[in-house]
Amino acid sequence: MIHERLRPKPEDLVGKIALKALDTANSAQTRKSGSVTIHNADGTKTISGAVLGTDETGTAISSANWIGDTTAPGKPTGLSVASSSGVIVVTWDGTLDGGVPSDFDHITVYLKEGSADATVLGTMNTAGSLTSASIASGTSCTVYATAQDAARLEDGTLSPNVSAQSDSITVMVTNTVADVDKEISEQNSTISGIQGDITDLTTDLGTVKTTAKEAKDTADEVSETLSADYSKTGTDTSYVTASTNLQTADEIMQSVSGTYATQTALATTDAKADAAQTAANNAQSTADTAKEAASANTTDLTNYIESNDSALSQMQSQIDGSITTWFYDVAPTADNAPAKDWTTTDLKNNHLGDLYYDTVTGYCYRYQVLNNTYSWSRITDTDVTKALSDAAAPQDTADSKRRIFVNTPTPPYDVGDQWAQGTSGDILICSTAKASGKSYAASDWTKASKYTDDTAAAAA
């Protein structure tokens, strides 16, 4: 041994270096407890022995499996994604495409929020689930995963094979509690608005009832005056106008009361109230003019038109501008002609106010809607029943119906249909039938009678 303070001879220094090299060489040789290499049937190797190296955490390892493995596992399957309370929840059932190999290690789940780059949500080596951090409601998120095995190099270093990417799943982030609170707030706002509308309509309804009652009282007074001064053997259009205006006020009151629960009818309350007020204001002056102008003889056609005066005023709001009278030998129901063919709400609304005459019993009915229910209501007015009976003549009801137009007629129309041109016009009868799709022609209609003396009306 050479003392450290003594300068060694060159030959001693060479010997010391050689001894150190020998010790180092001996330490690298396989010991009796050295490594063992096993060749597996799948072409990989398993090596066991003294320290081979370190794993990914820096821990020394003494054995390594699947050395030389180059086969990647199948892509992950059985993924599902859901969202609630502002987070994404990814669930995996533990399956891979083609089955789970023996060297499988784990899957890696990726999350892509909107247009941002994908980030790792987490890993799973068995079936389970992962939950994201909070994400803004309404964000579109895409989820996918890859699988990797536990293949290593001969020194024990991890060298995994990674699968293809799984099928992507896209989901919209929802915040159930916040969304429900927002919807409840919107619904409460809507309810408050509806309640306000109902309050306004209730007030309007009271006004309409009051106005209609006043109009009816005026009508009764005029009727008594006319009955005392005149024997009504003829019909003048001016008189019919007065009667119609007065009857309209009463019918408005009944219509508004009967359909108050129907939102569609409530929406027209203001217009009906204005019509009732106008009818009441004009009733007396029109009736005075009628007393001076009443003339001409009553005919079956006159009876028919007069008995439907109130219906004519209602027809002004008809979608198709006409009212049809049907003639059949049975009582009307929703299951027989013609109502069985009115299969939509629009078709039913087009026929509101239509009349139906049972040629066997002699009863007549009007088509109506009450509380959103469409039905035929029997009419007990004897004048209307008599007029429909007269109009049931086979020569002009061969197709079981007759129309009355209050606006310029639009085909289809048939021979015998009528056109009431208003308070200062004629009553016309169709003389030339035309099918749907054809064009209206004035020559298709001929004058049935002239009911207005324009001189008297102008003087008033």
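The values are calculated or read from the model by the stated rules, or taken from the named source; none is laboratory data. A quick note: this is a predicted structure, and the numbers were derived from the prediction, not measured. Neighbour counts run over all protein chains shown; Cβ positions are idealised from the backbone, glycine included.
Annotation for segment 175-188: at least one member residue is of a type outside the set (Asp, Glu), assigned to a loop (DSSP other than H, G, I, E, B) and at pLDDT 55 or above.
Screening residue 436 with (1) in contact with a Phe, Trp or Tyr (Cβ under 8 Å, 6 or more places away or on another chain); (2) at pLDDT 75 or above; (3) in a loop (DSSP other than H, G, I, E, B) gives one miss only, at (1).
It is to be established whether one or more residues within segment 122-140 are under 26 Å from residue 67 (Cβ atoms), of a type outside the set (Val, Ile, Thr) and touching an Asp or Glu at 6+ places or on another chain (Cβ under 7 Å). Yes, segment 122-140 contains a residue that is under 26 Å from residue 67 (Cβ atoms), of a type outside the set (Val, Ile, Thr) and touching an Asp or Glu at 6+ places or on another chain (Cβ under 7 Å). Out of the residues in segment 396-426 meeting the condition of being of a type in the set (Asp, Glu) and either in a strand (DSSP E or B) or at pLDDT below 85 (or both), tell me which one is surrounded by the most Cβ atoms within 10 Å (Cβ to Cβ). Once the filter is applied, the top-ranked residue is 417. Within segment 150-166, the presence of at least one residue that is at pLDDT 95 or above, within 27 Å of residue 63 (Cα to Cα) and part of a strand (DSSP E or B) is confirmed. Determine, yes or no, whether residue 143 is closer than 30 Å to residue 57 by Cα, assigned to a strand (DSSP E or B), touching a residue at least 60 places away in the same chain (Cβ under 8 Å) and among the aliphatic types (A, V, I, L, M). Here the answer is yes, as residue 143 does meet what is asked. Need at least 2 residues that are over 12 Å from residue 325 (Cβ atoms) and free of Cβ contacts under 8 Å to residues at least 24 places away in the same chain per element, so show me which strands (runs of 3 or more DSSP E) inside segment 339-383 make the cut, counting only ones lying wholly within it. Strands (runs of 3 or more DSSP E) meeting the threshold: 373-379. Annotation: residue 71 fulfils all but one of (1) surrounded by 15 or more Cβ atoms within 10 Å (Cβ to Cβ); (2) modelled with pLDDT of 70 or more; the unmet one is (1). Scan segment 294-310 and tell me whether some residue there is modelled with pLDDT under 90, surrounded by 12 or more Cβ atoms within 10 Å (Cβ to Cβ), among the small types (Gly, Ala, Ser) and part of a helix (DSSP H, G or I). Yes, segment 294-310 contains at least one residue that is modelled with pLDDT under 90, surrounded by 12 or more Cβ atoms within 10 Å (Cβ to Cβ), among the small types (Gly, Ala, Ser) and part of a helix (DSSP H, G or I).
Here residue 103 fulfils each of the conditions (1) more than 30 Å from residue 44 (Cβ to Cβ); (2) surrounded by 13 or more Cβ atoms within 10 Å (Cβ to Cβ); (3) at pLDDT below 95 apart from (1).
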